[in-house]
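Below is one structure, written out as structure tokens; the observations come after it.
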Amino acid sequence: MKRILTFFAVLAGLAGLANAQDKAIDLNDFSLSKDDARIETHLHVAFPMYFGWSTLTNLNYKGAWNYSIAAPATVNSSPFLDTRTGKNFVYGLEMAALHFSKPGGMLDVSLGLRWTFMDFTLANSALTFRNQTPTSYNGNAKEFMPYPIKAEAANYDGRKSKIHANYLGIPLRLTLDCGKVKVFAGASAEYLISGYTKYKFPKYRQDATPMFNRFRATVEAGVQYGILGFYANYGLTTLFPDSLSDARTLTFGIVLGR
């Protein structure tokens with residue numbers, strides 16, 4: 001709550017600064033530049049949203065995870081990083097962005113603040129991940145290992161097992177404005193806020209933040225017509241520690257907003 005209040009206080013301060021300098025203000029943008037400036041700067045608060053699906057690429061297993069693939073008592077029927085793409089929901093909210101553009105120009109450069117929620121549904125719903133006691137092959141207690149859910153929940157119905165990750169990121173984007181059609185490309189640096197595992201039924205969730213890499217870098221591209229568009233995003237860094245897997249994310253979906 002304190003961070004949210006601080007964020008809105010900054011917005012209010014910027015609005016006051018713009019007003020003191022006789023800048024034009026509307027519901028979507030606070031203008032921070034003079035009328036005769038060569039580069040216009042706007043703080044955009046229109047809250048564009050990203051809805052999509054994600055899959056994992058480079059599904060090779062290393063270290064302790066490579067050992068676990070050959071352990072039938074642990075892995076059961078399919079490799080534990082296989083996911084169900086159609087149920088891997090992703091949601092992103094770009095809370096604000098600074099836009100830089102030349103008056104009358106077609107190119108816009110923006111630097112934003114975005115929250116992203118990623119949800120992966122495991123194809124092998126009999127498994128979850130747990131921080132298990134070190135053994136001869138995992139060695140490190142911080143390494144989350146695949147774990148049969150029925151070992152801790154005998155009444156589990158075997159239908160749904162997921163992993164989640166939440167990020168706060170700073171996307172840098174270049175947009176070519178061709179009227180109603182806009183084409184964009186960019187990159188983002190993101191920090192992991194939290195990660196957890198979840199299954200149902202029965203419903204159970206457990207913190208698994210150490211299972212994911214703390215930092216994430218991505219590239220993205222897309223096209224918009226008005227406020228509706230399509231995008232694709234690829235992870236340059238691995239989702240998990242690279243001592244365990246080279247798995248990266250590939251996300252695609254819809255953009256709503258501008």
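The values are calculated or read from the model by the stated rules, or taken from the named source; none is laboratory data. Since the model is a prediction, treat every value here as computed from it, not as a measurement. No Cβ is skipped: glycine too gets one built from the backbone with ideal geometry, and neighbour counts run over all protein chains shown.
Restricting to segment 225-247, and then to whatever is out of contact with any Ser or Thr (no Cβ under 9 Å at 6 or more places or on another chain) and closer than 17 Å to THR55 by Cα, can you tell me which residue is surrounded by the fewest Cβ atoms within 10 Å (Cβ to Cβ)?
Per the criteria, the residue is PHE230.
What residue, among those in segment 164-180 that are modelled with pLDDT under 95 and exposed (fewer than 15 other Cβ atoms within 10 Å of the Cβ), is nearest to GLU94 (Cα to Cα)?
LYS180
Select the strands (runs of 3 or more DSSP E) contained entirely in segment 168-258, then report the ones holding at least 3 residues which are among the hydroxyl-bearing types (Ser, Thr, Tyr).
In segment 168-258, the matching strands (runs of 3 or more DSSP E) lie at 181-200.
So, of the residues in segment 143-167 that are not small (Gly, Ala, Ser) and not in a strand (DSSP E or B), which turns out to be nearest to PRO48 (Cα to Cα)?
Here the answer is ARG159.
Working carefully through the options ASP119, ASP108, find the one that is of a type in the set (Asp, Glu) and more than 25 Å from PHE240 (Cα to Cα).
Being of a type in the set (Asp, Glu) and more than 25 Å from PHE240 (Cα to Cα) holds for just one of ASP119, ASP108, which is ASP108.
If you check every pair at least six apart or on different chains, which have Cβ atoms under 7 Å apart with a residue in segment 101-117 that is outside any strand (DSSP E or B) first and a residue that is surrounded by 12 or more Cβ atoms within 10 Å (Cβ to Cβ) second?
Hits for this filter: PRO103/GLU40; MET106/LEU176; MET106/ASP177.
On the given criteria, is SER194 hydroxyl-bearing (Ser, Thr, Tyr), within 19 Å of TYR91 (Cβ to Cβ), surrounded by fewer than 19 Cβ atoms within 10 Å (Cβ to Cβ) and assigned by TED's automatic domain parsing to the domain that holds GLY105?
Yes: the conditions hold for SER194.
Does segment 82-141 hold any residues that are among the hydroxyl-bearing types (Ser, Thr, Tyr), more than 30 Å from GLY63 (Cα to Cα) and at pLDDT 90 or above, and which are they?
TYR91, SER110
Search segment 211-224 for residues being surrounded by 15 or more Cβ atoms within 10 Å (Cβ to Cβ) and closer than 30 Å to PHE129 by Cα, and hand back the single one that is farthest from the chain's Cα centre (by Cα).
Among them, the one singled out is MET211.
I'm trying to understand the selection: among the residues of segment 181-191, which are of a type in the set (Ser, Thr, Tyr) and surrounded by 15 or more Cβ atoms within 10 Å (Cβ to Cβ)?
SER188
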